[in-house]
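Written out below as structure tokens is the structure these notes cover.
The values are calculated or read from the model by the stated rules, or taken from the named source; none is laboratory data. This one's a predicted model, so the numbers in the text were calculated from it and none came from an experiment. Glycine also receives a Cβ, built like all others from the backbone with ideal geometry; neighbour counts cover every protein chain displayed. Ligands, DNA and RNA are stripped out before the accessible areas are found, and what is left, the full protein with its side chains, is counted by its heavy atoms. Shrake-Rupley method; radii C 1.70, N 1.55, O 1.52, S 1.80 Å.
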Amino acid sequence: MNKQANGDGTVGKALDVLDKVAAVGRPVRFSELLSDSVHPKATLYRLLQTLVSQGMLAYDESQQTYSLGIRLVRLAHAAWRQSSIAPIARPFVRKLSEAVGETVHLAQLDGGQVLYVDKRNAINPIDMYSQAGKIGPGYCTGVGKALLAFLEPDELAEAIKKQSFHAYTPSTLSSEAALRADLEDIKTKGVAFDREEHEPGIICIAAPVLSSKGRPIGALSVTTSTTRKGLEELSEVRPVLLKTASEIAAAVEDWQFPA
């Protein structure tokens, strides 16, 4: 992770610690946080204690680990209701999943990564990482690449700086050059593919949800397992995927800018 100090005082430091705990994706020990912290040991401990006392983090004494607290969850849920396109898109997500018989994800960009804001499981669901509320990598997920491909050049440059390029699988695009080449292809074709780049055996086709000005406000994907379909067969859902993305975009535009 990037050991960059936060210049926004105590609040900024506390938010930095929250980000670190959230990024781990599991309960984390003090020693782990300290090894990647820009803060001295005493400062980090004080920040953690404050966050625990405020309910933003929870501390498990038996395991000596920190995890996200219930107050943070409540705040996140309130923010999700107010700023996410998920409530507007939900009927379209449900209809698409029923039409294609596969899992459908809806995601938005969050600091170069993707935040899954809705998920509709297939009739016979498959086990995978993504869940509503989880953060996923931008460079090796279908929804992530669909969002990145339609950013303005300066925004894309900033987003790429935030990618880890960790090779999750042998198919992961693990360099900026490989990612940029794929993004150019995605922008031309209008859809992105996850070719087992994040999880072995999991593939998807994704499309951006674009505003009337062409800005990505979300991304929609149809996801399945290689034991059920190949990429060529999955590509057959492209027309209905693009149609649904356009319908969501129109619904969001009407909600944000009523006539």
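Looking across the stretch 115-130 at every residue that is at pLDDT below 75 and under 13 Å from residue 143 (Cβ atoms), the one that is surrounded by the most Cβ atoms within 10 Å (Cβ to Cβ) is identified as 130. Residues that are of a type in the set (Ser, Thr, Tyr) and part of a helix (DSSP H, G or I) were ranked within the stretch 31-51; the one that is farthest from residue 16 (Cα to Cα) is 31. In the stretch 1-27, the residues that are more than 20 Å from residue 137 (Cβ to Cβ) form no Cβ pair under 6 Å with any partner that is surrounded by fewer than 11 Cβ atoms within 10 Å (Cβ to Cβ) and modelled with pLDDT under 90, whether six or more places apart or across chains.
When you look at residue 239, is it open to solvent by 10 Å² or more (accessible area, probe 1.4 Å) and not in a helix (DSSP H, G or I), yes or no? Criteria not met by residue 239. Of all residues in the stretch 188-199, those satisfying the criterion of being outside any strand (DSSP E or B) and either at pLDDT below 95 or crowded, with 16+ Cβ neighbours inside 10 Å (or both) are 190, 191, 196, 197, 198, 199.
Every residue, every condition in (1) touching a residue at least 24 places away in the same chain (Cβ under 8 Å); (2) out of contact with any Lys or Arg (no Cβ under 6 Å at 6 or more places or on another chain); (3) open to solvent by 50 Å² or more (accessible area, probe 1.4 Å); (4) in a loop (DSSP other than H, G, I, E, B), yes or no:
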position	(1), (2), (3), (4)
138	yes, yes, no, yes
155	no, yes, yes, no
166	yes, yes, yes, yes
174	no, yes, yes, yes
206	yes, yes, no, no
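Report yes if residue 76 is at pLDDT 90 or above, part of a helix (DSSP H, G or I) and in contact with a Gly (Cβ under 8 Å, 6 or more places away or on another chain), otherwise no. No.
For the stretch 52-72, the count of residues that are in a helix (DSSP H, G or I), open to solvent by less than 50 Å² (accessible area, probe 1.4 Å) and at pLDDT below 90 is at least one.
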